[in-house]
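The structure appears right after this line, and notes come after that.
Derivation of every value follows stated rules applied to the coordinates shown; laboratory data play no part. On a predicted model such as this, the values are computed, not experimentally measured, just so you know. Note: ideal-geometry Cβ built from the backbone for every residue, glycine included; neighbour counts use all protein chains shown.
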Amino acid sequence: MKTTSIDGIQIHRSSDNVFADLDLPDADRLKIKTGLVVEIRKAMRQLGLTQQAAAKRMGIPQPKVSGMMRGDFSNLSERKLMDCLNRLGYDIDIKVSASARSIGQLTLSIS
């Protein structure tokens, strides 16, 4: 994270991952899961689904949908969130490629 000072006030430039900026464990996974949940919310809104209807379509209990809408998706894996998006009519492409760095990174690209 890059730090600069303007008029005596330190300003920290954020990375592209707020979870990493906050030094949270599993920051990459949190970023991916958050992106998937945002898309699930968009799909539900676009399809006009209630939580109950969305739960039935996604194959999960309504309380899990409710939790997801409140930001609690810790009990859902990335794979399950991708399955939910599939059931809401989304295609998911996973691309794996060699990294120029010694340790690769996870990236979620939504179009």
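Can you tell me which residues in the stretch 43-70 are closer than 23 Å to D91 by Cα and loosely packed, with under 14 Cβ neighbours inside 10 Å?
R45, Q46, L47, G48, T50, Q52, G59, P61, listed by residue number.
Could you list, in sequence order, the residues of the stretch 56-90 that are part of a loop (DSSP other than H, G, I, E, B), farther than 12 Å from E39 by Cα and either among the acidic types (D, E) or touching a residue at least 40 places away in the same chain (Cβ under 8 Å) (or both)? First the steps, then the outcome.
Start the filter on the stretch 56-90 by keeping residues that are part of a loop (DSSP other than H, G, I, E, B), which leaves 59-61, 70-77, 88-90.
Still in the running and farther than 12 Å from E39 by Cα: 59-61, 70-77.
Answer for the stretch 56-90, where residues must be part of a loop (DSSP other than H, G, I, E, B), farther than 12 Å from E39 by Cα and either among the acidic types (D, E) or touching a residue at least 40 places away in the same chain (Cβ under 8 Å) (or both): D72, F73, L76.
Just the residues that are more than 19 Å from I110 (Cα to Cα) and assigned to a helix (DSSP H, G or I), please, taken from the stretch 18-45.
Within the stretch 18-45, the subset more than 19 Å from I110 (Cα to Cα) is 20-26.
Selection gives A20, D21.
Looking at the stretch 2-17, which of its residues are more than 26 Å from C84 (Cβ to Cβ) and either assigned to a loop (DSSP other than H, G, I, E, B) or in contact with a Pro (Cβ under 9 Å, 6 or more places away or on another chain) (or both)?
Scanning the stretch 2-17 gives K2, D7, G8, R13, S14, S15.
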